[in-house]
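K.L.:
What follows is a single structure, and I will ask about it in a moment.
Throughout, read-outs are computed from the coordinates displayed, never taken from laboratory work. Computed from a predicted model, the values in this text were never measured in an experiment. Cβ: placed from backbone, ideal geometry, glycine included. Neighbour counts: every protein chain shown.
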Amino acid sequence: MPADAARIEHFSTSTAPVALVTGASSGLGAEFVRLAAADGFRVILTARRRERLDALAEELERQTSRPMLALPLDLSDPGAPDEILSLLSELNVVPEVLVNNAGFGAFGPMVEMDPERTGRMIDLNVRALTELSIRIGREMRDCGCGRILNVASTASYQPCPFMGVYGATKAYVRSFTEALAEELRGTSVTATAFSPGPTATEFGTAAGLAAEGALDLFDLEKAERSAADAARTGWIAMKAGRPVVIDGWMNRLIARVVWATPEPLVRLLAGRLLGRLKTE
């Protein structure tokens, strides 16, 4: 569904720099939008839920007096990146910031998953992120300015039995973004792979986890970081041009322990832990 023509015209009246945030309707995405607005950007917000996008855009317009533009799209649709690039061309802008936050997960044995859902996960978490990073990154490079923030996950640091496709897509995001960062070395464009751990968002609900007691080994909610705190970690790292950042000291410690642990033991422990996740 395209953006409203009147709002496109209103957005074009400003000369403030542009940030594009995907998955912007809630959780980390909404917090990235708020951070961008606070740093002086006019923001293009894209996600599936128009009502939430419009509400957030209107809230920030009132706070900042800068135009915000809601673009309702399902980025698992193969044509969605073309729609975004078409809008940018119509606006005659190249974003100075691109935040690829859109993504979702699913829990359970991979051999029992719905192939259509698995395909959409790969399309959203991998294909759309890759296409936007490359196409907008190319334009950033040609303009001589840009920051790309790709949201991976601490799930990218080890195999994830019972959430294997999700973990693999996030491992791709981290590897891809680190490689992109190196290719962009010496230009004025940077790429940052951001890996949050458990975060208080709607991710678990969308992935099918039980609303309460999803993990019986400990209280998962107590391990969660707030979306605002996690997003701030990624945003600061992106502004500094860091290629990799993990949110939270505990998550950084766990990643280091994983690196130092024999791979067969990591697989075994991950399978035992994740296999106890309770779904609805």
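K.L.:
Of the listed peptides 19-29, 118-128, what is their order by residue-averaged count of other C-beta atoms within 10 Å, with the highest listed first?
P.N.:
On the way: 19-29: 25.8, 118-128: 18.9.
Ranking, from highest mean packing down: 19-29, 118-128.
K.L.:
Do you know the relative contact order of the chain, to the nearest whole percent, from alpha carbon pairs under 8 angstrom that are 6+ apart? Mind dumping the intermediate values first?
P.N.:
Working: 517 pairs, mean separation 50.1, N = 280.
Reported as a whole number, the value is 18 percent.
K.L.:
With all distinct Cα pairs included, what does the Kirkwood hydrodynamic radius of the stretch 5-274 come out to in Å, to one decimal, could you say?
P.N.:
For the stretch 5-274, the Kirkwood estimate is 19.0 Å.
K.L.:
Separate question: Projected onto the charge dipole of the chain (+1 at Lys/Arg Cβ, -1 at Asp/Glu Cβ, origin at the Cα centre), which of P67, G241, I134 gives the Cα projection farthest towards the positive end?
P.N.:
G241
K.L.:
State the percent of C-alpha pairs, over all pairs in the stretch 39-103, separated by a distance greater than 16 angstrom. Can you show the working numbers first?
P.N.:
Working: 1013 of 2080 pairs.
Summing the P(r) tail past 16 Å for the stretch 39-103 gives 49 percent.
K.L.:
Run lengths n ≥ 4 of DSSP H only: what is the helix-derived mean residue ellipticity at 222 nm for the chain, with -39500 (n - 2.57) per run over all residues, to the nearest 500?
P.N.:
-15000 deg cm²/dmol
K.L.:
Out of every Cα pair in the stretch 55-211, what percent are spaced more than 24 Å from each other? Display every interim value, and only then the final one.
P.N.:
Details: 4947 of 12246 pairs.
Counting pairs separated by more than 24 Å, the tail of P(r) holds 40 percent.
K.L.:
How would you order 180-190, 261-271 from highest to lowest mean count of nearby Cβ atoms within 10 Å? Please list the in-between numbers first.
P.N.:
Details: 180-190: 16.1, 261-271: 12.7.
In descending order of packing, they fall as 180-190, 261-271.
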